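Working notes, beginning with the structure itself.
The values are calculated or read from the model by the stated rules, or taken from the named source; none is laboratory data. All values reported here derive from a predicted model rather than from experimental measurement. Don't worry about glycine lacking a Cβ; one is built from the backbone with ideal geometry, like all the others, and counts go over all protein chains shown.
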Amino acid sequence: MNEKPNGFHVIGCGCKSFFCPECCTGRGWALRHKLMAAVQRWQASRPIMVTCTVDPRNFDGPEQAFDYVREKGLISRMVRELRRLYGEEVGHYFAVLELHESGWPHWHVLIDADFIPHDSVERAWNAAGPAREGHRFRMGMVKITKPRGFVSKDHAANYSTKYLVKFPKGGYPDWVLKRQGIFKRYTASQGLFSDPELDALRDAAERAEFIRQEGYPPEWEMDEEPDEYEMYVAYEYPDGEAEAPARGPYERRAESIEGRVKLCGRKVTIIEYKTTIEVGGEVVVNKRWVASGNESLSALADLAGHEISSNRIILNWEQCEAIVHYLEGRGGQVSEWAPRKEAIPPPLDCQRALFDTGPMVLEGVGV
């Protein structure tokens, strides 16, 4: 089990955006490994890659072209048409949006198929495009990887996600950075990342045995980090999630991509981890939010004299009390159970047993 030590974990809050130069690599690699596992279940030995472009003459600008493809669902419509023509020879797909230096979008679509005629793909892509006289393509041209272009399924997955792992040298165009709400860099067919055999195992013992034999990482061993929604709830609704809006409305908030990226790394949240042994010997890890504030993790690590490990520093009661006081003085959100001077800390011997951290001296924070 991937255990976390007891204590007050001060965790740096990244924006976790594919449009962030700091966060895109980590998110891209995580998605790459997820896709590599999924494509192993594909029927095609060497999947094909289709590049779908848009003809600038058919649209007033790149943003209009992007909105048209998204609102009409042209990627999924294209694949459905190919399935209608070729049946089970066409399976799942994974599509990634890439932006040219000019700002115009195009899509790289990895399809579970060994071969599809170019003419069929081109007709399917252009079937629902805007009709404008004098233009050959209603949408744009398509390009298909050469036969046997990928040496393996892993090669195909790696190539598909390379556009997500690397941050473009010239950055992203203004029309993208000014967008509000959700902006998806990739899309996939329904059920791509699910394992039918694993989902079919309803019994907990059989599920655990399957995971042990197949090597899938157990869900309870995943390194869980608070996501962007949880951070938002911690900031805006410190008393708990009861009054917080649902995840859906939160994701549609009126905030630009540029605004979210600018806040990357400038916030921290404090989570208390405490392990207890229940009657019967069951080990339970309890977590609760303590505080959040507008300060970088590196700045707090320097103040605390700790080294950052796994995007966090771990403090004992007295050290967390000083950090809470510091964040509160800078307008941070603090829970009612956060360590404070008026609160009664646990016995010192208990603290030493729970927290193996060094001394910390903060200057000018009133401790």
### Query
So, in region 162-205, of the ones that are surrounded by 12 or more Cβ atoms within 10 Å (Cβ to Cβ) and assigned to a helix (DSSP H, G or I), which residue ends up modelled with the lowest pLDDT?
LEU198
### Summary
Filter region 17-60 for residues that are hydroxyl-bearing (Ser, Thr, Tyr) and part of a loop (DSSP other than H, G, I, E, B); the one that is modelled with the highest pLDDT is THR53
### Query
Before we move on, is ALA95 touching a helix residue (DSSP H, G or I) at 6+ places or on another chain (Cβ under 9 Å), among the aliphatic types (A, V, I, L, M) and assigned to a helix (DSSP H, G or I)?
no
### Message
Whether any residue in region 33-47 is surrounded by fewer than 15 Cβ atoms within 10 Å (Cβ to Cβ) and among the hydroxyl-bearing types (Ser, Thr, Tyr) is what I want to check.
### Response
yes
### Message
If I ask for residues that are in contact with a strand residue (DSSP E or B) (Cβ under 7 Å, 6 or more places away or on another chain) and touching a residue at least 60 places away in the same chain (Cβ under 8 Å), which ones from region 305-318 would you list?
### Response
ASN311, ARG312, ILE313, ILE314, LEU315, ASN316
### Message
Being over 12 Å from HIS9 (Cβ atoms) and either at pLDDT below 80 or touching a Lys or Arg at 6+ places or on another chain (Cβ under 8 Å) (or both) is the requirement here; does GLY329 meet it?
### Response
no
### Query
Which of the residues that make up region 300-322 are among the aliphatic types (A, V, I, L, M) and assigned to a helix (DSSP H, G or I)?
LEU300, ALA301, LEU303, ALA304, ALA322
### Message
If I go through region 259-315 residue by residue, how many of them are among the charged types (D, E, K, R) and either touching a Gly at 6+ places or on another chain (Cβ under 8 Å) or surrounded by 15 or more Cβ atoms within 10 Å (Cβ to Cβ) (or both)?
### Response
6
### Task
Test each condition in (1) assigned to a helix (DSSP H, G or I); (2) at pLDDT 75 or above for ILE211 and report the one that comes out false.
(2)
### Task
Just name the residue that is surrounded by the fewest Cβ atoms within 10 Å (Cβ to Cβ) out of those in region 75-101 that are aliphatic (A, V, I, L, M) and farther than 19 Å from SER160 by Cα.
LEU85
### Query
How many residues are in contact with a strand residue (DSSP E or B) (Cβ under 9 Å, 6 or more places away or on another chain), at pLDDT below 90 and not small (Gly, Ala, Ser) when one looks only at region 140-161?
3
### Task
Exactly one condition in (1) under 21 Å from ASP55 (Cα atoms); (2) in a loop (DSSP other than H, G, I, E, B); (3) modelled with pLDDT of 90 or more; (4) not small (Gly, Ala, Ser) is not met by ILE116; state its number.
(1)
